[in-house]
Amino acid sequence: MKHQQGIVAVYGLVVAVLIANDLNPANPYSLFAGFVHLGAGLSCGFAGLAAGYAIGAVGDAGVRAYLFQPRMFVGMVLILIFAEVLGLYGLIVSLILNTKAKSTCS
């Protein structure tokens, strides 16, 4: 299940590229845009942290349960998918915040 944690890390990379794309030395960088970008990065980062923790906890418990009952595999995979969606929610919030950073605080 290591693959799911790699996908959550790619979400952070996407947000970092989008934030870096907004930086331009020719244009002024407002304090509002800085705080919005900080919030976007933190929301994606903490959501990824929570998703990674949930994937680890569910994976550990699921493998232990699978040892005793092989029918647990499908349920374990479904719960792992739900845990991975936590990181996707952080990406969505980050994308929404990043679109708001282009405007000024008025």
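Would you work out the relative contact order for the chain, in percent, from Cα pairs under 8 angstrom that are 6 or more residues apart? Write down the numbers at each step before the final one.
Details: 103 pairs, mean separation 46.4, N = 106.
Answer for the chain is 44 percent.
Could you give the angle, 0 to 90 degrees to the nearest 10, between helix 72-100's Cα long axis and the longest principal axis of the Cα atoms of the chain?
Result, in degrees: 0.
Which of the peptides 23-36, 70-83 is most tightly packed, and how do the rest follow, judged by the mean count of other Cβ atoms within 10 Å per residue?
Details: 23-36: 11.3, 70-83: 13.9.
Top to bottom by mean Cβ count within 10 Å: 70-83, 23-36.
Expressed as an acute angle from 0 to 90° and rounded to the nearest 10, what is the orientation of the C-alpha long axis of helix 2-22 relative to the principal long axis of the chain?
Roughly 0 degrees, rounded to the nearest 10.
Along each principal axis of its Cα atoms, how long is the chain end to end? Whole angstroms, biggest number first, please.
62, 23, 15
Report, in degrees rounded to the nearest 10, the 0 to 90 angle that the Cα long axis of helix 31-68 makes with the longest principal axis of the chain.
0 degrees
What is the list of residues in segment 35-74 whose amide nitrogen lies under 20 Å from a point 7 angstrom out from the Cα of residue 96, following Cα to Cβ?
It comes to 35-51, nothing else.
Evaluate the charge dipole of the chain about its Cα centre and quote only its size in Debye, nearest 20, assuming +1 on the Cβ of each Lys and Arg and -1 on the Cβ of each Asp and Glu. Mind showing how you got there, number by number?
Details: 5 positive and 3 negative charges, 25 e Å.
So the magnitude is around 120 debye.
Picking from 26, 81, 6, whose Cα lies most toward the positive end of the charge dipole for the chain (charges on Cβ: Lys, Arg +1; Asp, Glu -1)?
Toward the positive end, the furthest listed residue is 81.
Only the coordinates and a few stated rules stand behind these numbers; no lab work does. Because the structure is a prediction, the values reported are computed rather than measured. Neighbour counts are summed over all protein chains in view; Cβ atoms, including those assigned to glycine, are modelled from backbone coordinates with ideal geometry.
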